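The values are calculated or read from the model by the stated rules, or taken from the named source; none is laboratory data. If you're wondering where the values come from, they're calculated on a predicted model, not measured in any experiment. Cβ placement follows ideal geometry from the backbone for every residue including glycine, while neighbour counts extend to all protein chains displayed. For accessibility, only protein heavy atoms count, side chains too; no ligands or nucleic acids. Shrake-Rupley method; radii C 1.70, N 1.55, O 1.52, S 1.80 Å.
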Amino acid sequence: MLKQIGKRLATVIPSLIGVIIVTFLLTRVLPGDTAAYFAGPAASAQAIEDVRKQLGLDKSMPEQFVRYV
């Protein structure tokens, strides 16, 4: 029983890590600016920059990934 659970965990954990990495990368490569989307169409450049800081989009990709996880 424990051996079977161990095998399942050995399969699930790499799959889960892969899904997390793929979803993170897909959200970063989609066209458009996420900060501009959340700030709204009538937002000023300063408002977009504030949203970018709030969402952590001004940080490096590894920092964003750690925050995402």
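Key figures
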item	result
Residues located in segment 23-38, provided they are of a type in the set (A, V, I, L, M, F, W, C) and at pLDDT 90 or above	PHE24, LEU25, LEU26
Close pairs from segment 9-24: first open to solvent by less than 80 Å² (accessible area, probe 1.4 Å), partner part of a helix (DSSP H, G or I), Cβ under 6 Å, at least 6 apart	PHE24/PHE65; PHE24/TYR68
Qualifying positions in segment 28-69 - in contact (Cβ under 8 Å) with a residue 24 or more places away in the chain and open to solvent by 50 Å² or more (accessible area, probe 1.4 Å)	ARG28, MET61, PHE65, TYR68, VAL69
